[in-house]
1. Percent antiparallel among DSSP beta bridges with both residues in the protein assembly as shown, to the nearest 5?
2. By how many degrees, 0 to 90 and rounded to 10, does the Cα axis of helix B:302-312 deviate from the longest principal axis of chain B?
3. For B:HIS214, what charge total do you get from the other residues with a beta carbon under 14 Å from its beta carbon, if Lys and Arg give +1 and Asp and Glu give -1?
4. Listing A:TYR66, A:TYR266, B:TYR347 from the residue with the fewest other Cβ atoms within 10 Å to the one with the most, what is the order?
5. Taking only DSSP H segments of four or more residues, each worth -39500 (n - 2.57), what value at 222 nm results for the protein assembly as shown once the sum is divided by all its residues, to the nearest 500 deg cm²/dmol?
6. Which three semi-axes in whole Å describe the equivalent ellipsoid of the range A:208-296, each the square root of 5 times a Cα gyration tensor eigenvalue, listed largest first?
7. Under 15 Å from the 7 Å Cα→Cβ point of B:ARG425, by amide nitrogen: which residues of the range B:381-397?
8. Taking neighbour counts of Cβ atoms within 10 Å as a proxy for exposure, in what order, fewest first, do B:LEU423, B:LEU492 appear?
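Please treat every number below as a calculation from the coordinates, not as lab data. Every value quoted in this text rests on a predicted model; they were computed, and no experiment measured them. Cβ sites come from the backbone with ideal geometry, for glycine too, and all protein chains shown count toward neighbours.
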Amino acid sequence: MNQFSLQQGMSRELESFPHVKEFALTKNTTIQLDSFIPSRANCLLIYCIVDGKFEWIVNGRDYILYPGDIAFVLPGQEIGGSRGFLEIGTIYRLHIDIGVASANRALGPWSTLSPCESLSIEKMLLVNNLSVLLKVKEGIEILHQIHAELVNPEIGHVTRVNHFIDSLLIIIARQSTRQADPRRDFPRTFMKLEQALRRDLSHQWSVEEMAALFGLGTTSFTEKVKHHTGFSPLNYLINIRISEAIKLLKRHDVNFTNIALDTGFYSSQHFSTTFKKLTGYTPGQFRKRNLLNDNS
Amino acid sequence: MECIITIDLGTNAVRVMAFDLKGNVIAATKGTYPTFHLEADYSEQDPEQIFITMLYVLKNFLTEKIHPQNYVVVSICFSASMHSLLMVDKSGIPMGNAITWADNRGKKEAQELKNSPLGKKLYESTGTPIHPMSPLVKVTWLARNDRERFSKTHKFLSIKSYVLQQLTSGYVLDYSLASATGFFNIQKLQWEQEALDYAGIDAERLPELVPVFHSPGKLRKEFQTSLGLRDTVKILVGSSDGCLATLGGGVWDEGKAIITVEDSGAVRTVGRDVIRDANQRLFNYVLTDNYYVSGGPTNNGGIIFEWYAKQFGDFRNPFDIEHTIQNLIHEAAEVSVGSQGLVFLPYLLGERAPIWNANARGTFFGINIKHEKQHFVRAVIEGIMYEMYSIGKTLQEHRTINSLTVNGSFASIPLCAKIIADLFRMPVSIGKNPDSIAQGAYLLAATDMGIFKSMDEAARTVVLSTTYSPNLSHHRSYQRYFSVFEKLSTRLNAEFEELADLQHEQP
C-alpha cells in the first residue's frame, strides 16, 4: 500500500468529515533529525504501527512500539520520538477533533455512540491512563477500511467512515481496560472505581459507566459488586455520597445546597430526603447535634 | 417473636446477623468499606463511611428480612476488629481517618519500646505485644510525628467507640477491645498508668472502660425511627472479633484451641490465667473477668493463597476467583503430603506470631526439575498451614491442647482442615455457623438476657458439624517438612533485612 496524507481543509476526501483533522499513512525511509519532537496534542491523536520499531515518549513515559501497537494521546498530552526524530518504518496517523466535551455528549454529532457510551469511553481512557496498547489486532484493518472508503467514496461512505472511527475508539477503550487490568483482582479494580467515584462525586454516574471500567456488562457487573460489597452499584455510591456529606455537615462553613451538589445529589431537597431516610435526621438537625458539644 | 442482632465492624466489612432466641440464624448480610493506603505503611478507614455503611446495611436488613417476619429486636450486640485508633476533637468530630490494625507507621517506635525494659514490663501488664498494630504505639507515633493532631485530640477512640457514641451517646470501650490497645492492665482491668505516661496522655483522653455486658444507653430517637426499632432494644457494647470468634467456636475449656484463617489468621485458647511468654510472642485479651483469650496472630492467611490464584490461576471468566480457587484446591489435593519436597514460607506481608518479623518475605525452597505447577499450589497451602502450626506449637509451650476447632473461610476448606488435623495430630472440628464471631456475639447477648446461666453454658451449646481425624503417617511426613520450614523461618533474617532495604527503594 502506498503512503498518503489527507489534511483537513486541503484534501477533498475529508470535506464531509470536519472532525478528522488529518489521516495519513507514512512510510519513513530516512531519518531526519527533529522530525518528531515531543509536543502537546491539541486533539485526539491515534498512531498505529504497521511496520518497524519505534522508540517514543508518550504521555510522559518511554515506550518501544512494534507492528500492531497503537499509541494514542488525549488533548493536552505529549507524544514524540525519544530522540526527537521519527524512525524508519510505516505508521498510520489519525487526528480527531473530539471537540469540547459536554455533559451529554463527549464526541461530536458525527458519532453514533450514545451519550452514555461515549462518556464511558472517555472515563475508561482517563482512569486507565494508558497511552500505548499492545498488539491491537483490528487496529490496522480498521484504518485500511477507513482509507478505502475515503479514496473510493460509494453510497453510504460517510456513515461507514464514522462507524469505523467509532469502532476504533471502542476497541481502544476496551483494550485499555483489559491491559490496565488483567480482570483477576476484583477488589483492586473496585478500589480504582472507588477512587474515580470520589474524585468526581458530583458527576451523575451511571451503572454503564462504572461497569465499563471493569470491561463488564451491567448485569454481570452489578452482580459482582453486590457479591463483593453487599450493595448495588448505585447504593454503594449513595453510601459514599452520604459519608462525604456528613464530613461537610460537620464543618461550619459549607451550606446545604453546596454540600448536596458537591456530593452528587440533584438538589438540596433530594439530599435532605435521602439523608433523613437513612439517618433519621434532617441535615440541619444533624449539623446542630454535632456542632453542639454533644458528649453528654 | 423476639430476635437478637449481632453487628461486627470487621476489617473490610460490617457483618450483620440475626438469631432467634433458640440460636437459629434468621438471616445475614454485609456491607464493605474501603481501606486507604495513602503511604506504603499506612492503612486507614473513613469512620463516617463505616458508620453510614453500618446504618445502611442494618436498615436494609431490618426492612427486608426482619420486620416483614414480625420479629421484635430485643438486643443488638457489637463486635469489632482490634487495635483501631480514631482521634476526635472536643466536638466529637473525627480528625482524619481511623488507623487500622494493619498500619505499620509506628515501626520505629515499636522497635524502640519492645527492646526496652519498660516494653517487657508493659507487655506483661497489658498482654498486648509491642507492635505497630497496638494503639499504644500509634499514639506514641502521633505524639512524636503529628504533634498538632496529638494535642488537639480530645479522645483517642476505637472505631467501635465512635460508632456506639453516634448511635447512643458517651464514649465507651469494652474490656476486650481495651485489652488490645496496649493501654489496659489486664489483671486490674483499668488503664495502665505506665503505658499512659509513656505515650504522654492521661486516662481522661481515653473512652470509659466497661464490661462486655454493658449497655451504653438507649438508641437515639432518630435512629429508632429510621430503623423501625423500639426504644426497649438493648444496645450491648460486646467484645472484639478475636474473643467472640473463640467463644463462638465453642472453645471455652482447657485443652481446646481454635484456628481461624480468613485473609489473616490466629490460633487462640481460653484460660483462667495470663500467658507470660518470655519472647513476647503471644497476646492475652480479656473476654470477661478471669477469662483470657491467649494466642498468636498471623498476617499471612487466605490472602496469600488468593494472591497466588490471582497471579497464576486460570481465569475462565473475568474476576471469577472463586472458580479459580476451587480448581487450584482440586489440583493441590492430588499432590502427596509435602509437595514432593517443596517448602513455602508465606511471609509476603511480613509476619507477626511467632517470628514477629515485619521484613520477612515469601520463599519457595527446594524447587527441583520435577516440580510442576500443582506442587507449587500445594506448597502454598501447606506453607500457610505450617505457619498456623508454628503458632500452635508456641502456644503449646504454655497450654495443653488436645483438640481443635477451625473456622474462617480458608481454614474451613476440607483440604486445609485435614492438613491441620495431620500436622497437630489432633481431631479437628468445624463449627456449624461459619461466622463464629456472630455466633459468639449471639451467645454473649443471650447470656446477658438470661437464656444461658453463664458463658460456660453458652459455649457448650455451640454445635460442631464435621470432624477430621489425623492420619499418623501423614503426621510423620509433615513433621519432617515442618522441621525444614521452622528452621528456614528464622535462618534467613539477614537476607530478609537486606532485601527489605532493596524493596523499600523501589517506587
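1. On the way: 83 of 108 bridges.
Roughly 75 percent of the beta bridges in the protein assembly as shown run antiparallel, per DSSP.
2. The answer is roughly 50 degrees.
3. On the way: positive: B:LYS160, B:LYS218, B:LYS234; negative: B:ASP174, B:GLU208, B:ASP289, B:ASP448.
The answer is -1.
4. Numbers: A:TYR66 14, A:TYR266 11, B:TYR347 24.
Placing the least packed residue first, the sequence is A:TYR266, A:TYR66, B:TYR347.
5. Details: 28 runs with 327 residues, N = 803.
Per the formula, -12500 deg cm²/dmol.
6. Working: eigenvalues 187, 38, 22 Å².
Here the semi-axes work out to 31, 14, 10 Å.
7. Zone members listed by number: B:393.
8. Details: B:LEU423 25, B:LEU492 19.
Final ranking by Cβ density, sparse to dense: B:LEU492, B:LEU423.
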